[in-house]
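> Have a look at this one.
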Amino acid sequence: MSVLPFHITKKSETCRARAGVVHFVHGKVETPCFVPVATKATVKTLTCEDLLEIGVEMLMCNTYHLMLKPGSQRIAALGGLNTFMGWPGPVMTDSGGFQAFSLGLGIEHGSKKKCLYFPDASPPLQHPPKRRSGQMFATMDEEGVHFRSVYDMKKHLLTPEKSIQTQEELGADLVFVLDECTSPFSSYEYTKESMERTHRWAQRSVAARKSNQAIFGIIQGGEFEDLRKESARFIASLPVDGIGIGGSLGKSKKDMHAVLDWIMPLLPENKPRHLLGIGVVEDLFESVERGVDLFDCVSATRNARSGYVYYSSKAGGTQKNKYRFKIAHASFALDTQPLDPHCPCKVCQKYTRAYLHHLFKAEELTALRLLSYHNVYFMVHLVKDMRKAILDDKFMEMKKKWMP
RNA sequence: GUGGCUGUGAUGUAGCUUGGUAGCAUAGGGGACUGUGGAUCUCCUCGGCCGUGUUCAAAUCACGGCAGCCACC
């Protein structure tokens, strides 16, 4: 068993936040750290040069997508992910567990990671989900995940062993065990059954490992306190290098905070914790405060592609959507300010909102690229600033400034 | 000048025969999106060339204007 070197440099005195350093094969990562998602071996619209320039430390690629296209063996033959994509730094690969969810239950429940409709949610969400039973691309049984390729409908079986083998072929620094995410609509009974299976898969994943790649287990259990705690104890007891926190985090932000509050005291201090698929600005603060070290999230790049620009509260803005605005908004047509007047990124040094507004409305690809660059810069540096604040023991102060 | 055809939102159109909810697409304006989605979903704004008549009721039928296009002189 490999031991992933993780050193905690500083623990906050006022909360669970900590600053540390993880040493991966391809370099160190200073935590807390925001890890952009490079599903198909690229952060959409950005080059590796961009990412280095931005200050990105680590990337997350996806086993399911790369297994189907171009295939893990081809990537292995081409020297592994780093060589293949020209990225010198550490890489983690997601196991395919999330795709088991998003192509399975996610479709059946008309739900994504975040719940789209709960009448009692605050504020109440407007539209009930469209349930589309019978169109699932993934189903689960004890053996593993039965996928249909989104490309050609061919059947694939992804077992925990196959996932690990594939991730070894891809050659990431850090791999995740195969897990199943439940939907916010999943019952207690299903969530429990699924969690127990995920635990067995975790054991099988760990046992299947042949390389010295680092491996993270993943805590499931949905929004249920006893399940989350049980899962946390179980995953913490495995010989893994770190802890992933996955699955449905409930119906609201409050629920997510509760989940983190339940499990954090049960986790070993000396292993890094990765909160899967989170987050947005508020979530990053709340999670770092509760002791999360690593995040991956598509929000920066996906939002960029739908025209949302992240910006700092220092830059001013409306009460609603405090940390982002939509560049397509007509009010930017003649706005000669940079996207975020407080942002030192390349895009903000050069281009005006008016220009980016035009590019976006004209559906020019450059708009998506420049907005992605800015948003990734914003998120990466927001978390880097949090790290500095932890080191200076000013994290809660910083949080209060951002989230009064 | 004569004859024919056509006038529906910002744009392109459907409905007209057989009168009864003005439909669709694009554009515009909001909103959603958390282990990817240049996707998708969602809400909203704006309309029958003008006038008169018939009728319980007119985008629809009739008549008169006006405008555009085409053909002929």
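The values are calculated or read from the model by the stated rules, or taken from the named source; none is laboratory data. Bear in mind that the values here come from a model prediction, so they are computed numbers and not experimental data. Virtual Cβ from ideal backbone geometry, glycine too; neighbours counted across all protein chains shown.
> For region A:211-227, what are the residues that are under 17 Å from residue A:185 (Cβ atoms) and outside any loop (DSSP other than H, G, I, E, B)?
Within region A:211-227, just A:227 meets the criteria.
> Looking at A:45, A:31, which one is surrounded by 16 or more Cβ atoms within 10 Å (Cβ to Cβ) and at positive phi?
The unique qualifying residue is A:45.
> Taking the options A:351, A:355, A:377, name whichever one is in contact (Cβ under 8 Å) with a residue 12 or more places away in the chain and within 16 Å of RNA strand B (Cβ to nearest atom).
Answer to the selection: A:377.
Conditions (1) over 16 Å from residue A:140 (Cα atoms); (2) aliphatic (A, V, I, L, M); (3) within 13 Å of RNA strand B (Cβ to nearest atom), marked per residue:
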{"site": "A:183", "(1), (2), (3)": "no, no, yes"}
{"site": "A:193", "(1), (2), (3)": "no, no, no"}
{"site": "A:206", "(1), (2), (3)": "yes, yes, no"}
{"site": "A:210", "(1), (2), (3)": "yes, no, no"}
{"site": "A:225", "(1), (2), (3)": "yes, no, no"}
{"site": "A:235", "(1), (2), (3)": "yes, yes, yes"}
{"site": "A:247", "(1), (2), (3)": "no, no, yes"}
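> Which members of region A:71-108 meet the condition of being under 30 Å from residue A:185 (Cα atoms) and part of a strand (DSSP E or B)?
A:92, A:93, A:94
> Kindly check whether there is at least one residue in region A:224-244 that is in contact with a helix residue (DSSP H, G or I) (Cβ under 7 Å, 6 or more places away or on another chain) and at pLDDT below 95.
No, because not a single residue in region A:224-244 is in contact with a helix residue (DSSP H, G or I) (Cβ under 7 Å, 6 or more places away or on another chain) and at pLDDT below 95.
> Between a first residue in region A:284-309 that is crowded, with 22+ Cβ neighbours inside 10 Å and a second residue that is polar (S, T, N, Q) and at pLDDT 95 or above, which pairs have beta carbons less than 6 Å apart while being 6 or more apart in sequence or on different chains?
A:293/A:31; A:300/A:375; A:301/A:372; A:304/A:372; A:304/A:375
> I would also like to ask the following. Please name all residue pairs, on different chains or six or more residues apart, with Cβ atoms under 8 Å, provided the first residue is in region A:20-47 and is outside the structural domain of residue A:372 (by TED's automatic domain parsing) and closer than 29 Å to residue A:269 by Cβ and the second residue is charged (D, E, K, R) and within 11 Å of RNA strand B (Cβ to nearest atom).
That search, which allows pairs on different chains as well, returns A:34/A:296; A:35/A:296; A:36/A:296; A:37/A:296.
> For region A:385-404, which residues satisfy the criterion of being assigned to a helix (DSSP H, G or I) and within 16 Å of RNA strand B (Cβ to nearest atom)?
Within region A:385-404, A:386, A:402 qualify.
> Within region A:157-172, is there a residue that is within 23 Å of residue A:113 (Cβ to Cβ), basic (Lys, Arg) and buried (at least 17 other Cβ atoms within 10 Å of the Cβ)?
So far as region A:157-172 goes, no, none of its residues is within 23 Å of residue A:113 (Cβ to Cβ), basic (Lys, Arg) and buried (at least 17 other Cβ atoms within 10 Å of the Cβ).
> Same structure, new question: Would you tally the residues in region A:251-293 being within 15 Å of residue A:231 (Cβ to Cβ) and aromatic (Phe, Trp, Tyr)?
Total meeting the criteria: 1.
> Right, another one. For region A:220-241, how many residues meet the condition of being under 21 Å from the mean Cα position of the chain (by Cα) and either over 14 Å from residue A:264 (Cα atoms) or crowded, with 24+ Cβ neighbours inside 10 Å (or both)?
Total satisfying the criteria: 9.
> Something else now. Kindly indicate which of A:395, A:332, A:378 is buried (at least 23 other Cβ atoms within 10 Å of the Cβ) and modelled with pLDDT under 95.
Going through A:395, A:332, A:378 in turn, just one is buried (at least 23 other Cβ atoms within 10 Å of the Cβ) and modelled with pLDDT under 95: A:332.
> Just name the residue that is farthest from RNA strand B (Cβ to nearest atom) out of those in region A:26-47 that are touching a Pro at 6+ places or on another chain (Cβ under 7 Å) and in a loop (DSSP other than H, G, I, E, B).
Of everything passing the filter in region A:26-47, A:26 is farthest from RNA strand B (Cβ to nearest atom).
> While we're here: Looking only at region A:32-62, how many residues end up being in contact with an Asp or Glu (Cβ under 6 Å, 6 or more places away or on another chain) and under 13 Å from residue A:92 (Cβ atoms)?
The qualifying residues number 5.
> Need pairs with beta-carbon distance below 7 Å; first residue over 22 Å from residue A:249 (Cα atoms) and within region A:170-188, second away from RNA strand B (no atom under 13 Å from the Cβ) and among the hydroxyl-bearing types (Ser, Thr, Tyr); sequence gap 6+ or separate chains.
A:170/A:72
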